[in-house]
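Colleague: First the structure, which I've put down as structure tokens, then a few questions once you've had a look.
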Amino acid sequence: MKALVDKLKTLAAETSATDLRAAFAADPQRFDHFSVALDDLLLDYSKCAVNEQILAGLEELADAAKVAEKRDAMFSGAPINFTEGRAVLHTALRNRANTPVLVDGKDVMGDVNAVLDAMGAFADGIRSGALAGATGEKITDVVNIGIGGSDLGPVMATLALAPYHDGPRLHFVSNVDGAHIADTLKLVSPETTLFIVASKTFTTIETMTNAKTARAFIADKLGEEAVGHHFCAVSTALDKVAAFGIDAARVFGFWDWVGGRYSIWSAIGLPLMIAIGKENFGEFLAGGHAIDTHFRTAPLRQNLPMLLGLIGFYHRNVLGYPSRAILPYDQRLSRFPAYLQQLDMESNGKGVTIDGTPVEGDSGPVVWGEPGTNGQHAFYQLIHQGTSIIPAEFMIAANGHEPALRHQHDLLIANCLAQSEALMKGRPLEEARAQLEDKKMPEADIARIAPHRVFTGNRPSLTLVYDKLTPFALGRLIALYEHRVFVEGALFNINSFDQWGVELGKELATGLLPVVEGKESAEGHDSSTAGLVKALLSAKA
Ligand code: F6P
């Protein structure tokens with residue numbers, strides 16, 4: 001692998017690929033050569049520093065890393081999450097073809113469909129009012145209590161699919177900071193509120209703590225016997241849910257072969273289903289399934305997740321760019337960057353390969369972003385003129401959901417395209433000077449001011465275009481990024497499906513709680529931690 005990466009480094013340095021202005025000037029068909037579509041979903045990567053030789057080199061790299069074999073192993077149910085001894089089969093949850101999916105020789109599709117049916121019946125009941133609160137009143141508000149993968153997916157997708165939201169109002173509580181649940185409880189009435197306790201493990205301290213607060217909210221206001229009417233749960237740990245006291249008929253299970261950050265397709269999607277209805281949720285699953293089929297069958301040069309993954313690897317490990325910006329020009333995707341942070345960084349933020357050796361080069365980049373056009377007025381300055389090169393990933397729909405505001409959508413598109421064009425073209429010194437000369441600025445001032453108005457250009461970006469942000473389109477977008485993360489993980493040769501890196505902090509927090517509560521001394525902790533404990537304890541009201 002190292003030799004292939006070095007070869008790509010040499011190619012990138014020697015060829016003209018990294019001079020994007022020249023590349024576009026030399027090839028008027030560059031867009032046709034470096035863009036690919038799946039139905040209405042278009043990926044334009046012509047503004048990335050690639051050429052035919054580099055793509056061939058990346059293809060060689062994918063072969064050497066056995067990306068296709070690893071992909072097939074995932075879909076076949078092999079225990080590729082070997083540090084936890086688990087298969088990785090979130091794809092089975094959206095397997096609308098219903099073809100058998102085997103885990104340990106057993107087809108799981110029966111169980112998958114049974115949970116989906118149970119979710120559908122429950123969601124229908126809540127939406128229609130047939131499943132009411134303890135006082136017989138219809139549920140008007142649903143509060144999802146979960147964190148990480150048990151929160152970010154439903155939050156992001158509910159916001160994304162707001163035009164389809166015709167069920168009860170949704171609220172999300174994740175942070176252990178009591179402010180989060182306190183502010184949320186102020187917005188709802190106990191008689192008309194359903195709490196969903198969502199936790200794969202049903203041990204996560206944030207979720208369990210918030211769930212107890214919510215339980216007390218119901219029990220204090222409506223009595224202990226009302227609790228059953230106002231709670232349901234989503235988990236793989238059915239025994240622990242039973243111990244919490246939630247009726248088995250209101251528990252929706254999933255399986256250890258679904259990673260938390262890949263669980264939006266499972267019963268973790270229940271709040272979304274309650275919001276948009278089971279038919280729309282089915283469309284969302286179908287979008288994910290369409291990408292699965294494409295990822296498994298399309299040749300590499302037509303394969304969107306493969307190309308996204310290869311370009312991501314190229315940016316990180318060949319060109320050395322440390323981060324990527326996710327810039328949806330779609331206000332309803334405003335939580336998509338945060339969602340991708342967990343998906344990408346919890347999956348590929350690893351330092352050890354599957355062989356137990358240190359990763360060669362780098363693993364996953366820092367992922368961050370905000371929707372356009374807001375970001376333009378905040379951090380784009382650095383993307384355009386800062387000293388670090390940050391590949392930008394733009395997303396834009398051809399159509400919004402507001403035909404009456406078409407002029408605003410056109411403005412949104414113009415801004416999106418202008419940004420990628422500006423990043424690519426830049427503005428050389430002669431152009432900056434010419435602009436100032438046109439303004440009749442004195443030469444001494446031009447010499448002083450012009451350098452500040454130079455844009456180096458040659459800054460890479462890719463753009464994803466889709467018709468409209470429908471449930472199907474959102475399902476496709478999420479699955480596309482899931483598989484992109486998979487491809488990059490396969491190239492890094494890491495296990496993208498565990499997350500040991502979050503454990504140490506959790507363990508230390510458990511040990512620190514009695515110290516913070518003043519029940520144990522801070523002895524044995526480092527002087528910084530002990531000093532901070534002392535400062536906080538002495539200020540405790
Ligand atoms: O942050 C670690 C993590 O395990 C995530 O992977 C997961 O999505 C989150 O915690 C929540 O876990 P659970 O669903 O088990 O409460």
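The values are calculated or read from the model by the stated rules, or taken from the named source; none is laboratory data. As the structure is a prediction and not an experimental result, all values here were calculated from the model. Quick reminder, even Gly has a Cβ in these numbers, built from the backbone with ideal geometry, and neighbours come from all protein chains shown.
Colleague: I'm told residue 220 meets every condition in (1) among the charged types (D, E, K, R); (2) more than 16 Å from the ligand (Cβ to nearest atom); (3) surrounded by 13 or more Cβ atoms within 10 Å (Cβ to Cβ) except one. Can you identify the failing condition by its number?
Modeller: Unmet condition: (3).
Colleague: Find all pairs meeting these conditions: Cβ atoms under 6 angstrom apart; at least six residues apart or on different chains; first residue within segment 327-355 and closer than 11 Å to residue 159 by Cβ; second residue within 14 Å of the ligand (Cβ to nearest atom) and not in a strand (DSSP E or B).
Modeller: 335/155; 335/156; 336/156; 339/152; 339/156
Colleague: From the set of residues in segment 269-302 that are surrounded by fewer than 24 Cβ atoms within 10 Å (Cβ to Cβ) and in contact with a strand residue (DSSP E or B) (Cβ under 8 Å, 6 or more places away or on another chain), which is nearest to residue 119 (Cα to Cα)?
Modeller: Filtering segment 269-302 for residues that are surrounded by fewer than 24 Cβ atoms within 10 Å (Cβ to Cβ) and in contact with a strand residue (DSSP E or B) (Cβ under 8 Å, 6 or more places away or on another chain), the one nearest to residue 119 (Cα to Cα) comes out as 290.
A quick yes/no check of all residues on (1) surrounded by 21 or more Cβ atoms within 10 Å (Cβ to Cβ); (2) among the hydrophobic types (A, V, I, L, M, F, W, C); (3) modelled with pLDDT of 95 or more:
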| position | (1), (2), (3) |
| --- | --- |
| 159 | no, yes, yes |
| 177 | no, no, yes |
| 183 | no, no, yes |
| 194 | yes, yes, yes |
| 198 | yes, yes, yes |
| 203 | no, no, no |
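Colleague: Something else: Could you say whether any residue in segment 495-507 is touching a Leu at 6+ places or on another chain (Cβ under 8 Å) and outside the structural domain of residue 40 (by the TED database)? Talk me through it step by step, then tell me what you get.
Modeller: In the first step, residues of segment 495-507 are kept if they are touching a Leu at 6+ places or on another chain (Cβ under 8 Å); the result is none.
No, there is no match, as no residue in segment 495-507 is touching a Leu at 6+ places or on another chain (Cβ under 8 Å) and outside the structural domain of residue 40 (by the TED database).
Colleague: Of the residues 474, 508, 417, 462, which is free of Cβ contacts under 8 Å to residues at least 60 places away in the same chain, under 24 Å from residue 160 (Cβ atoms) and among the hydrophobic types (A, V, I, L, M, F, W, C)?
Modeller: Answer to the selection: 417.
Colleague: Here's something else I'd like to know. What number goes with the only condition from (1) over 30 Å from residue 139 (Cα atoms); (2) out of contact with any strand residue (DSSP E or B) (no Cβ under 9 Å at 6 or more places or on another chain); (3) buried (at least 17 other Cβ atoms within 10 Å of the Cβ) that residue 84 does not pass?
Modeller: Result: residue 84 fails condition (3) only.
Every residue, every condition in (1) surrounded by 15 or more Cβ atoms within 10 Å (Cβ to Cβ); (2) more than 16 Å from the ligand (Cβ to nearest atom); (3) of a type in the set (S, T, N, Q), yes or no:
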position: 329; (1), (2), (3): yes, yes, no
position: 342; (1), (2), (3): yes, no, yes
position: 364; (1), (2), (3): yes, no, no
position: 381; (1), (2), (3): no, yes, yes
position: 386; (1), (2), (3): no, yes, no
position: 396; (1), (2), (3): yes, yes, no
position: 408; (1), (2), (3): no, yes, yes
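Colleague: Then there's this: For segment 346-362, enumerate the residues that are away from the ligand (no atom under 16 Å from the Cβ) and in a loop (DSSP other than H, G, I, E, B).
Modeller: Just the residues of segment 346-362 that are away from the ligand (no atom under 16 Å from the Cβ), to begin with: 351-362.
Once the filter is applied, which keeps residues that are away from the ligand (no atom under 16 Å from the Cβ) and in a loop (DSSP other than H, G, I, E, B), segment 346-362 yields 351, 353, 354, 355, 356, 357, 359, 360, 361, 362.
Colleague: Could you go through segment 287-295 and let me know if any residue there is within 14 Å of the ligand (Cβ to nearest atom) and of a type in the set (Asp, Glu). Quick ask: steps written out before the conclusion?
Modeller: In the first step, residues of segment 287-295 are kept if they are within 14 Å of the ligand (Cβ to nearest atom); the result is none.
No, every residue in segment 287-295 fails to be within 14 Å of the ligand (Cβ to nearest atom) and of a type in the set (Asp, Glu).
Colleague: Here is a follow-up. Taking the conditions exactly as written (modelled with pLDDT of 95 or more and closer than 25 Å to residue 150 by Cα), does residue 272 satisfy them or not?
Modeller: Against the criterion (modelled with pLDDT of 95 or more and closer than 25 Å to residue 150 by Cα), residue 272 qualifies.
Residue by residue, here is whether (1) within 30 Å of the chain's Cα centre (by Cα); (2) outside any loop (DSSP other than H, G, I, E, B); (3) crowded, with 16+ Cβ neighbours inside 10 Å holds:
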{"position": "6", "(1), (2), (3)": "no, yes, no"}
{"position": "11", "(1), (2), (3)": "no, yes, yes"}
{"position": "21", "(1), (2), (3)": "no, yes, no"}
{"position": "57", "(1), (2), (3)": "yes, yes, yes"}
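Colleague: Ok, one more. Among all residue pairs at least 6 apart or on different chains, which show Cβ distances below 6 Å where the first residue, located in segment 245-265, is in a helix (DSSP H, G or I) and the second is among the acidic types (Asp, Glu)?
Modeller: Close Cβ pairs satisfying both conditions: 261/346.
Colleague: Before we move on, is residue 89 of a type outside the set (Phe, Trp, Tyr) and assigned by the TED database to the domain that holds residue 272? Talk me through it step by step, then tell me what you get.
Modeller: Numbers: of a type outside the set (Phe, Trp, Tyr): yes; assigned by the TED database to the domain that holds residue 272: no.
Here the answer is no, as residue 89 does not meet what is asked.
Colleague: A further question follows. Residue by residue through segment 238-262, note down the ones that are out of contact with any helix residue (DSSP H, G or I) (no Cβ under 9 Å at 6 or more places or on another chain) and either within 18 Å of residue 103 (Cα to Cα) or at pLDDT 95 or above (or both).
Modeller: 256
Colleague: Looking only at helices (runs of 4 or more DSSP H) that lie completely in segment 442-541, which have at least 2 residues being exposed (fewer than 11 other Cβ atoms within 10 Å of the Cβ) and within 16 Å of the ligand (Cβ to nearest atom)?
Modeller: Per the criteria, 503-516.
Colleague: Out of 448, 484, which single residue is closer than 30 Å to residue 424 by Cβ, assigned by the TED database to the domain that holds residue 345 and basic (Lys, Arg)?
Modeller: Numbers: 448 fails: assigned by the TED database to the domain that holds residue 345.
Of the residues listed, the single one that is closer than 30 Å to residue 424 by Cβ, assigned by the TED database to the domain that holds residue 345 and basic (Lys, Arg) is 484.
Colleague: Only one residue in 269, 320, 309, 282 is more than 16 Å from the ligand (Cβ to nearest atom), closer than 30 Å to residue 375 by Cα and outside any loop (DSSP other than H, G, I, E, B). Which one? Reasoning before the result, please.
Modeller: Details: 269 fails: more than 16 Å from the ligand (Cβ to nearest atom); 320 fails: outside any loop (DSSP other than H, G, I, E, B); 282 fails: closer than 30 Å to residue 375 by Cα.
Within the list 269, 320, 309, 282, the selection yields 309.
Colleague: Keeping to segment 223-243, report how many residues are free of Cβ contacts under 8 Å to residues at least 12 places away in the same chain and within 16 Å of the ligand (Cβ to nearest atom). Please lay out each step first, then the result.
Modeller: The first filter runs over segment 223-243 and keeps only residues free of Cβ contacts under 8 Å to residues at least 12 places away in the same chain, leaving 224, 239, 242-243.
Subsequent filtering for residues that are within 16 Å of the ligand (Cβ to nearest atom) retains 239, 243.
Number satisfying all stated conditions: 2.
Colleague: Take the conditions without any contact (Cβ under 8 Å) to a residue 12 or more places away in the chain and either more than 18 Å from residue 266 (Cα to Cα) or touching a His at 6+ places or on another chain (Cβ under 6 Å) (or both) and apply them to residue 114. Does it pass?
Modeller: On the way: without any contact (Cβ under 8 Å) to a residue 12 or more places away in the chain: yes; either more than 18 Å from residue 266 (Cα to Cα) or touching a His at 6+ places or on another chain (Cβ under 6 Å) (or both): no.
The answer is no for residue 114.
Colleague: For segment 248-263, which residues satisfy the criterion of being within 10 Å of the ligand (Cβ to nearest atom) and charged (D, E, K, R)?
Modeller: Residue satisfying the conditions is 261 alone.
Colleague: Right, something else. Which one of 68, 49 is surrounded by 13 or more Cβ atoms within 10 Å (Cβ to Cβ), in the same structural domain as residue 473 (by the TED database), more than 30 Å from residue 418 (Cα to Cα) and not hydroxyl-bearing (Ser, Thr, Tyr)?
Modeller: Working: 49 fails: more than 30 Å from residue 418 (Cα to Cα).
Result: 68 is the single residue among 68, 49 that is surrounded by 13 or more Cβ atoms within 10 Å (Cβ to Cβ), in the same structural domain as residue 473 (by the TED database), more than 30 Å from residue 418 (Cα to Cα) and not hydroxyl-bearing (Ser, Thr, Tyr).
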